1. So how many residues does segment A:116-156 have that are part of a helix (DSSP H, G or I) and not polar (S, T, N, Q)?
2. In segment A:282-316, which residues are hydrophobic (A, V, I, L, M, F, W, C), part of a strand (DSSP E or B) and out of contact with any Gly (no Cβ under 8 Å at 6 or more places or on another chain)?
3. Identify all residues within segment B:189-221 that are facing chain A (nearest Cβ under 7 Å) and either surrounded by fewer than 17 Cβ atoms within 10 Å (Cβ to Cβ) or not aliphatic (A, V, I, L, M) (or both); write none if there are none.
4. If a residue has to be in a helix (DSSP H, G or I), more than 20 Å from the chain's Cα centre (by Cα) and loosely packed, with under 14 Cβ neighbours inside 10 Å to count, how many in segment B:96-119 make the cut?
5. When only residues in segment A:93-110 that are within 13 Å of another protein chain (Cβ to nearest Cβ) and not in a helix (DSSP H, G or I) count, which is surrounded by the most Cβ atoms within 10 Å (Cβ to Cβ)?
6. Can you name the residue in segment B:67-95 that is of a type outside the set (A, V, I, L, M, F, W, C), assigned to a helix (DSSP H, G or I) and closer than 23 Å to B:Gly256 by Cβ and, of all such residues, is nearest to the chain's Cα centre (by Cα)?
7. Quick one: is A:Ala19 under 19 Å from B:Glu207 (Cβ atoms), within 14 Å of chain B (Cβ to nearest Cβ), among the small types (Gly, Ala, Ser) and out of contact with any Asp or Glu (no Cβ under 7 Å at 6 or more places or on another chain)?
Amino acid sequence: MAAITTDRLTKVYPGGVRALDEIDLTVEDGEFFALLGPSGCGKTTLLRTVAGLEESSGGSLHIGDVDVTRTPPGSRDVAMVFQDYALFPHMTVAENVAYPLRIKKVARAKRTEKAAATAGELGLSDYLERRPGQLSGGQQQRVALARAMACHPSVFLFDEPLSNLDARMRLEARTFLKRLQRELGVTTVFVTHDQAEALALADRIAVMESGRIRQLGTPSEVFRRPANTFVASFIGSTPMNLLDGVVRPRGIEVAGELLPTPPEPAGRLVDGEKVVYGIRPEYLVHSPTAVPGSLAGEVRVVENLGHAQLVTLEGPAGFVQLVVDEDTPVALGDRGFAVPRQDRALVYRDGELVTSGDPTGLAAAGASGTA
Amino acid sequence: MNGSKGRPLAGAPAGRTDRSDAAGLGRGRAAGFVAPAMLLIVAFLLFPALWTVYLGLTDYQLTGFAAANPQVVGLENYDRALSDDRFSNSLVLTLQFVLGSAVLGQAVLGFAIAWLMRNRVGALRRTVEALVLLAWILPSSVITFLWIALLDRDGGTLNALLNTPGTAWLLEYPMVSIIVFNIWKGAAFSMMLYAAALGNVPPSHLETARLAGAGTFQQLRDVVFPRIKGHVLTNLLLISLWTFNDFTPFLLTAGGPENRTEIMPVFIYRIALESGELGFGAAISVLMLLINLVIALVYMRLLRQRKDAST
């Protein structure tokens, strides 16, 4: 059990690509921490650098109180579960789980017992003598987890833990992982490109782009108050509507329509300045008739989400997406009006969130610097 | 020829006909396509092989009475070979040559180069690979000439490098010389094969082992070799057979001094073409073919065991 602290951690690949750009980050002891971002943002490099599989080019890395910046991976007391699980096909489940113990020269009887116990905790008792090729994807993942748990590391690292499972198994495994992490209480860092996975699993999320952390916060902070337009467009199963607007005395003008100014940035806006008005599709209310302070448009696409429908309106403000509940009939070609929930709208100036100056939940966003 | 119509007969099980006659040619026409190749194989492979077996049963000579009128002598040639010291000497030397230069030398050196170069890119890797490959693709006569220059007693490069003037490597250490020569010449094939095989080892498996604290030896034992066992066996089979049949050392030592490098192909050449005893030479050739078959069977068996084990 240990916290992970990085201090200006930098990784530059030969050829000059800066995969990590002076990352300052603290993962608290026992925390379930997500590194989230698009491909190539440096999240996997950060995970691999913590593991010791990549050597950092600058800065330092502490696990607990120990400086492990130059420590080889085998001595860092971390265990990693790879995206492909990396189970050895020629070994049985029991041998796979016992492998780290074998390398640490634990006596055979003891490691067999330990492996069986760990596998048992994960419901693998019936499969000890099978080979990985004879197991389902979910079982293979649990074998990989058992192998990681077997030697009681102080840190778990998961690389895209759910991406190799089919959609149904993924939900099951997600709940399982979260429960397991709670029970073990081991500091866990995982990498994902799936924002829903990060929101569902993590205690805190670091959203990364081009080797930098763009926002650091709890899932609800990151979801409700994205610190910049990058995070705003990345987080959420349907991306946030980001509309160009101009500040007016009575509100924010978007495509000729005056929308009420959200309460938070109200006092910090200057008349006539250009801003971006952000509103999630979930926070737009549909109206079939014209309402003042709404975004008008013609229904272009209706996507059924099961419990709701995602409607795309095309109007003077461009494309606007909103979520409409399943009982409201919406037909292609209809005129529709989207009324924003004032308390959920966000205003961005130069790509950064305009706040009331209250640092709650946004301190990290300020510390990570501006792009 | 009931299949020569090229169309499945009514009532015949369609699946079976389709499988055995995918192109719909019919047996007759299909045979016609294969015939030219078969003729060539018979003329240049099968006939000489059978002719060798026949010659091995005669006292055929290159010159003299027996050349004009060979007599069948039965198994006399085989009897003579198996009780001949020169034959057993040659067999031992050949085994030394195969084990030393192929199984140990080329395979280990080739693997070592492939392992060391696995994560490297750019100039260093390209240079090493080019040099190793160069040794492999240059004609034997050319590299033999280079090695004669290298090992020469008076003006040799090796003596200059090691500061051992006057050492006649090919006379004092003839067997070691041809073994090192063959390792140098043939390591490229193993290197390329192992480089491709190592590309099949998932990086995550090696990294899992590293995270568990495994050193290089443990990574090789637990991750790499189980994964590339099939490649290793195929590689050993090929280089063993090639080395067993390799005639190039003759260019370096001509089997000497005092038959100390008279490996099997050289022995046969000297018996059949220098001494002119074609019948005896043919008999030894057949014995050599049998040994080749045994080597191949052993490897095939190991490969099959491996496949059975993995399913």
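The values are calculated or read from the model by the stated rules, or taken from the named source; none is laboratory data. Keep in mind the model is a prediction, meaning the values are calculated, not measured. Ideal geometry is used to build each Cβ from the backbone, glycine not excepted, and the neighbour counts take in all protein chains shown.
1. 20
2. Result: A:Leu284, A:Val285, A:Val301, A:Val302, A:Ala308, A:Leu310.
3. B:Pro202, B:Ser204, B:His205, B:Glu207, B:Thr208, B:Arg210, B:Gly213, B:Gln218
4. So the answer is 1.
5. Checked segment A:93-110; the qualifying residue surrounded by the most Cβ atoms within 10 Å (Cβ to Cβ) is A:Val106.
6. That would be B:Thr94.
7. Against the criterion (under 19 Å from B:Glu207 (Cβ atoms), within 14 Å of chain B (Cβ to nearest Cβ), among the small types (Gly, Ala, Ser) and out of contact with any Asp or Glu (no Cβ under 7 Å at 6 or more places or on another chain)), A:Ala19 does not qualify.
Conditions tested, residue by residue: (1) free of Cβ contacts under 8 Å to residues at least 12 places away in the same chain; (2) among the hydrophobic types (A, V, I, L, M, F, W, C); (3) over 30 Å from B:Thr94 (Cβ atoms).
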residue: B:Leu170; (1), (2), (3): no, yes, no
residue: B:Tyr173; (1), (2), (3): yes, no, no
residue: B:Phe181; (1), (2), (3): no, yes, no
residue: B:Leu198; (1), (2), (3): no, yes, yes
residue: B:Val201; (1), (2), (3): no, yes, yes
residue: B:His205; (1), (2), (3): no, no, yes
residue: B:Phe217; (1), (2), (3): yes, yes, yes
residue: B:Val224; (1), (2), (3): no, yes, yes
residue: B:Thr234; (1), (2), (3): no, no, no
